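Engineer: Take a look at this one; I'll ask things after.
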Amino acid sequence: MTYHEKVLLVYICYLLFFSLITFILFLIDKKFATIEGHKRIKEKTLLFFCSIGGGIGGYFGRILGHHKTKKIYFSLIINLTLLLQLMILGAMITLIIVNK
């Protein structure tokens, strides 16, 4: 396994780890929304976890949980972070293919 392949594997594990955490946070917040008077997870926290690697989890958590789907800025930030993370992943894969 080359150095670039190891870095790619670490990046994939990083994305999966933070996506799982973000997905769970979205579902927990949605559950809290159904309990009257219960404290919610702040939008800043949800967006923070999306931006540090949880874009995939945020995207699917938002869709599957029907979470904040009408807030345009929220959707925009999640989609942009997901796009950026996938572009980095694509660039890393391309680098490995080119160097073979």
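Coordinate-derived values only; no laboratory data. What you see is a predicted model, and the numbers here were worked out from it, not measured in a lab. No Cβ is skipped: glycine too gets one built from the backbone with ideal geometry, and neighbour counts run over all protein chains shown.
Engineer: Need pairs with beta-carbon distance below 8 Å; first residue in contact (Cβ under 8 Å) with a residue 12 or more places away in the chain and within the range 37-61, second among the acidic types (D, E) and part of a helix (DSSP H, G or I); sequence gap 6+ or separate chains.
Structural biologist: Hits for this filter: I41/D29; L46/D29.
Engineer: Across the range 9-26, which residue is surrounded by the most Cβ atoms within 10 Å (Cβ to Cβ) among those that are of a type outside the set (F, W, Y) and touching a Leu at 6+ places or on another chain (Cβ under 8 Å)?
Structural biologist: Step one: list which residues in the range 9-26 are of a type outside the set (F, W, Y), which gives 9-10, 12-13, 15-16, 19-22, 24-25.
From what's left, touching a Leu at 6+ places or on another chain (Cβ under 8 Å): 12, 15, 22, 25.
Working: I12: 13, L15: 19, T22: 30, L25: 21.
The extreme case among them is T22.
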